[in-house]
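Novice: Handing you a structure now.
All of the numbers you see were taken from the coordinates with simple rules; none came from a lab. Worth saying up front: this structure is predicted, and the values here are computed from it rather than measured. Neighbour counts are summed over all protein chains in view; Cβ atoms, including those assigned to glycine, are modelled from backbone coordinates with ideal geometry.
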Amino acid sequence: MRATRTAAALVGVLLTGTVLATPALANDRTGTQTISHEAAAAYAKGKVVSKIDLNVREKPTTNSKVLRTVKPGAIIELRCKIIDGRPVDGNSVWYRTGSKGWVAARYVKNLSYVKRCDA
């Protein structure tokens, strides 16, 4: 009798574990897909270190139209960088922002690696 109860309990645990584990596996796979999509869309981050509002420009030059400004201390998305833009205080690096526009690297501290823009 005791062996029968033990066997029945073991079967119950195994069946319950299988039923409960199946949705967890599906959720794990979904979570992994979500993370990979987020990682693919994520950009590097940078902190605006200028003392005044930073101009976000249409092109990587100070002669270009200002699209908007960003407040000092703001964290912005940096899509990519070019290293041969119009120099600002001797720094010729410009960052393409996560949204439309460019900012001079002279006034942004990159908080993670920023890849080069494709040619």
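Novice: For every other residue with a beta carbon closer than 13 angstrom to the beta carbon of residue 53, add +1 if it is Lys or Arg and -1 if Asp or Glu, then tell me the sum.
Specialist: Around residue 53, the surrounding residues sum to +4.
Novice: For the range 44-110, which semi-axes, largest first and in whole Å, follow from the square roots of 5 times the eigenvalues of its Cα gyration tensor?
Specialist: Each semi-axis is the square root of five times an eigenvalue, giving 15, 12, 12 Å.
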